[in-house]
C-alpha cells in the first residue's frame, strides 16, 4: 500500500517508521528543510537548545516505537531517568524539590507542612484506576467512538474540572500549583481541563521523568536515520496544499510540486491546515506555546537542576539542557502570564540574575513557535468536549488518518507516540 505521511515531526516520523516496518511503501512530506518538527534543535554559536520537549513520561512508548521499527532505543539514544522531576519556588519563599517515587515524594512534600505528604499521596493514588482504564481502552486501543466502554465514557465525559478536583483534594495552594503545573505550562486553563488529565501526576510519581543527555533532539535525529534504514521516501521543502478526494475517498496529496498518489494518507500536522479536514476541526484552536528565550551563558551560573519552576505572575520556568562549549551553559527560560517586562528582568527579580553572563540570546514569541505544522502543544482544552473534537486515528474522510499533537490522544511526547501506534494498528500490515 502506498502511504503518504504529511508532516515530519515526531508524530509523522513515528507513524512512517511503524508503517514502513509493516511493509508499506512510505513517502513523508515535510515543509521545512529538516525533520523533527518541535524536537529539532536550535543552534547558535556553539550552543544547542531543545526547541520543544526536553523530557518525557512513559519511556515505554519510545522503546516500543524503536523496537517495532528496527533497532532498540538503547542502541540509538541514551534515555536516562531524572532524579528531581522539578524544583518549585513559591511566592511565600518556600521551595519543593519533587522527586519520583511514593516514599520520596511523601518526604519532600511533608517538608512543606505536617501531613501534607500523605494528602499528596492520596491525591496522586486516586488516579491509579483512571490510568489503567484509559490505558487499556482509550490510549492504547483504537476503539471506535461508538464502541467506547461505558466506564471509559463516564471518565471522558465527566463534568468535574481539574481546577475543582485540585481544590477538593488539596487545601494547600502550593500543592495545587504543583499538581496543575504541567497543564498550565502547556497553555491550558485548569477550569477548562477535565479532572482525569491530572493522571500525569500519577505517571510522574510511579514511572518518573526521562531525558536525553545533551538534548532531547537526539530522538528526532535517530528517527530521521530510521527513515533511511526503512527506505522511506523523504521529501523536505515540500508544501502540502490539500488532500485529493475522488469518489468519496482520498487518492492523493496536492503539493507545490504536483500530486503525490496515495492509497492512505496520515495527517501529522494541524488538520486545520488542510481544507479537506478543516471543517471537522473548526471548533478547535491550538494551545499557544510560552514566550521563551534561549540563553548561552558564560562564567559560573546557578544550578537550576533539570527544571526550575518559579511560581507567580508571570510564571517562569528555567530549563538547563542542550549543549554548550566548555565552561559555558545553555538555558531556556519560559514565561506565561502577564509578561510586561523582559524575561531576564523578571527572572532577576526572583533572585536569578544572569543578565551580565549572557553570551548568546535567541528570543521566540508564542506565535513564532506555531510553525507550519501547528502548535507543539496541540489542541487547546476548551472543556470536556475537546476530547471528542480531535481526529484520529481514523478520520471522517476515507483513507485519511491522523497522528501528532493535534490528534487523539493529545500533545506531549508519549501521547504523540501513542497516536502513531494507533494509526499503525488501524492501517495494519501491507
Taking the options 330, 320, 346, 340, name whichever one is more than 24 Å from the chain's Cα centre (by Cα) and under 17 Å from residue 358 (Cα atoms). 346
Can you list the helices (runs of 4 or more DSSP H) found entirely within region 335-418 that contain at least 3 residues being in contact with a helix residue (DSSP H, G or I) (Cβ under 9 Å, 6 or more places away or on another chain), farther than 29 Å from residue 91 by Cβ and assigned by TED's automatic domain parsing to the domain that holds residue 9? 386-389
Kindly list, by first and then second residue, each pair from a residue in region 393-404 that is under 11 Å from residue 264 (Cβ atoms) to a residue that is modelled with pLDDT under 95 and crowded, with 22+ Cβ neighbours inside 10 Å, limited to pairs with Cβ atoms under 7 Å and residues at least 6 apart or on different chains. 401/392
Can you tell me which condition residue 247 does not meet? The list is (1) out of contact with any helix residue (DSSP H, G or I) (no Cβ under 8 Å at 6 or more places or on another chain); (2) at pLDDT 95 or above; (3) at negative phi, and all the others hold. (3)
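Residues checked against (1) under 21 Å from the mean Cα position of the chain (by Cα); (2) farther than 30 Å from residue 347 by Cα; (3) in contact (Cβ under 8 Å) with a residue 24 or more places away in the chain; (4) not in a strand (DSSP E or B):
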site	(1), (2), (3), (4)
14	yes, yes, yes, yes
17	yes, yes, yes, yes
48	yes, no, yes, no
52	yes, no, yes, yes
63	yes, yes, no, yes
66	yes, yes, yes, yes
93	no, no, no, yes
Looking at the structure I just gave you, is residue 154 within 23 Å of residue 291 (Cβ to Cβ) and surrounded by fewer than 19 Cβ atoms within 10 Å (Cβ to Cβ)? no
Test: residue 213 is surrounded by fewer than 19 Cβ atoms within 10 Å (Cβ to Cβ) and touching a strand residue (DSSP E or B) at 6+ places or on another chain (Cβ under 6 Å): no
Output for region 248-281, where each listed residue is in a loop (DSSP other than H, G, I, E, B) and more than 28 Å from residue 364 (Cβ to Cβ): 248, 257, 262, 263, 275, 276
All but one of (1) in a strand (DSSP E or B); (2) farther than 29 Å from residue 201 by Cα; (3) touching a strand residue (DSSP E or B) at 6+ places or on another chain (Cβ under 7 Å) hold for residue 43; state the number of the condition that does not hold. (3)
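The values are calculated or read from the model by the stated rules, or taken from the named source; none is laboratory data. Please read these numbers as outputs of a predicted model, since none were measured by experiment. Because the Cβ atoms are built from the backbone with ideal geometry, glycine has one as well, and the counts that use them run over all protein chains shown.
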